[in-house]
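The structure appears right after this line, and notes come after that.
Just so you know, all these numbers are worked out from the coordinates, no wet-lab data involved. Small disclaimer: the values here were computed from a predicted structure and weren't measured. Note that we place each Cβ from the backbone using ideal geometry, even for glycine, and neighbour counts take in every protein chain shown.
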Amino acid sequence: MENQAEAMQPEMIPAMPANNVVADIPRVSIQAFCETQPTANAMQSAMGDRRFSKAHVDIQLGGAAAATQWFTEAATPNVLIVETRASADMLLSELGQLAGVCDGSTKVIVIGHVNDVHLYRTIMDQGVSDYLVAPISELQLISSVSSLYSAPDAAPVGRVCAFIGSKGGVGSSTLAHNVAWAISELLVEDVVITDLDLAFGTAGLNFNQDTSQGIAEALGAPDRVDDVLIDRLLTKCSERLSLLAAPGAVDRDYIVENDALDLILDLIRHSVPTVVVDLPNSWSPWTRETLIKADEVVVTATPDLASLRNTKNVIDMLKASRPNDQPPHLVLNQVGVPKRPEISAGDFARTVSLDPMIVLPYEPVAFATAANNGQMLFELEQKSKCSDGVLDLAKMLSGRAEPPQKKKKGLAPLFEKLAGKRK
């Protein structure tokens, strides 16, 4: 009897993998009709995620019945999310009524309380885009909506890596340029550096390039921005590294609009795997939005009090604004300046509640020589702690970082070493 009972139980829908890659959601309208408060709360939290920043979202209570009544007199959105606590038969009936008032182009996501793979297949066969089983998490919702606009055969979308310094002179731009070079030359991946320090940007100088207006021209004419214009404005530094340079001039005022900058970065990220964004050390609405929307954020700091305060403020803001993303990456730079009182790396980490990913020692001669020659640090000194740190950060940002190996216990390491000598 127990075997018969087990055989009669419905097959469960498999859970979504935890490491699902989630892309940004385009400018679409999304309406959600929830029946339970936990689902509404999860929906509200998910819609506050950075990936929904371009979408227009409206959340209401009432479930599938309320949605059917609502859309008898209103146009349906691009994406409709409905929750229902109905049984399998009633759920199919509710969806049939909803289909009668929905536009054919509307994508529908159903949140149900019946975990049955046969019901799932029936619903999907009727044209529903996705079926989620309550209770749901924020990441499930984000992934489900994102997958609607991520075709399997579509070209991959590059990652935006934003670099910002805790204050001026901490070496954020130098680090950004060296990491971009390492990704392009050592990891053999296409990279575009976008220098957003319009008045004082140094990317052109560091790569010994005579650049044009670059990013300033694109920001000044957002209605003309397309792939052709971006390609014309890029300065090619090597086979795999290009630069969208800043003018580096103070004879004019620069106005940066969020929408124009979003458009430029979206166009670039569809053409290369990695976009390194070099942000200025000046706080503004567009700087904040760029940090929040970036896939990866690197904060460079030095071991002093002002840098500590600013770093904590930036990290706290990013953690609060990006609850579904990993924390920013902290780089502690210029450590060990002679005769300078410094905050230890441990105290720095405890104060900002984040361990530094890499700690770079003070090497003024190497960095100054490389900058004056228009070279990268790795070209000048391959074997140094700073070069190793830059390469480690490049691997991590490009997804090439190797997992730390567990130390073998006992005498195993000794036996392996002796075996190697015999060979």
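Treating only the Cβ atoms of Lys and Arg (+1) and Asp and Glu (-1) as charged, compute the dipole magnitude of segment 26-147 about its Cα centre; round to the nearest 20 debye. Let's see the in-between values first.
Working: 7 positive and 12 negative charges, 88 e Å.
Its charge dipole is roughly 420 debye.
Over the chain, DSSP H runs of length four or greater, each weighted -39,500 (n - 2.57), average out per residue to a 222 nm ellipticity of -11500 deg cm²/dmol. Scanning residues 5 or more positions from Val298 or on other chains, those with amide H under 5 Å from its amide H are Ala162, Phe163, Ile164, His329, with H placed 1.01 Å from N in the peptide plane.
Axis angle, to the nearest 10 degrees, between helix 258-269 and the longest C-alpha principal axis of the chain: 80 degrees.
Counted over the chain, the DSSP beta bridges are approximately 5% antiparallel.
Residues whose amide H comes within less than 5 Å of that of Lys107, counting only those at least five positions distant or on another chain, are Val79, Leu80 (H built at 1.01 Å from N in the peptide plane). Against the longest alpha carbon principal axis of the chain, how many degrees, from 0 to 90 and to the nearest 10, is the axis of helix 385-397 turned? That helix lies at roughly 20 degrees to the long axis. Between the amide H of Gln60 and those of Ala32, Phe33, Cys34, distances stay under 5 Å, these residues lying 5 or more places away or on another chain, with hydrogens modeled in the peptide plane.
Toward the positive end of the charge dipole of the chain, with +1 on the Cβ of Lys and Arg and -1 on the Cβ of Asp and Glu, the farthest Cα among Leu360, Phe163, Val110 is that of Leu360. Between Arg85 and Asn373, the modelled labels are 7.1 nm apart [label points 7 Å from Cα along Cα→Cβ]. Of Phe367, Phe71, Phe378, the residue with the greatest mean-square motion in the GNM of the chain, using alpha carbon springs below 10 Å, is Phe71. Ranking Ser29, Val314, Gly127 by Cα position along the charge dipole of the chain, where only Lys, Arg, Asp and Glu carry charges on their C-beta atoms, puts Val314 farthest toward the positive end.
Shown in residue order for segment 288-304 are the 3J(HN,Hα) couplings computed by the Karplus curve 6.51 cos²θ - 1.76 cosθ + 1.60 at θ = phi - 60°: 4, 5, 5, 5, 5, 8, 5, 6, 9, 10, 10, 10, 9, 9, 10, x, 9 Hz (x for Gly and Pro). The long axis of helix 138-147 is offset from the longest Cα principal axis of the chain by roughly 90 degrees.
Length gain on complete extension for the stretch Lys54 to Lys236, per 0.36 nm per residue less the alpha carbon to alpha carbon distance?
Values: separation 182, 0.36 × 182 = 65.52 nm, distance 3.09 nm.
Extending this stretch completely gives an extra 62.4 nm.
Largest GNM mean-square fluctuation across Gly399, Gly63, Gly374, computed for the chain with C-alpha springs under 10 Å, falls on Gly399.
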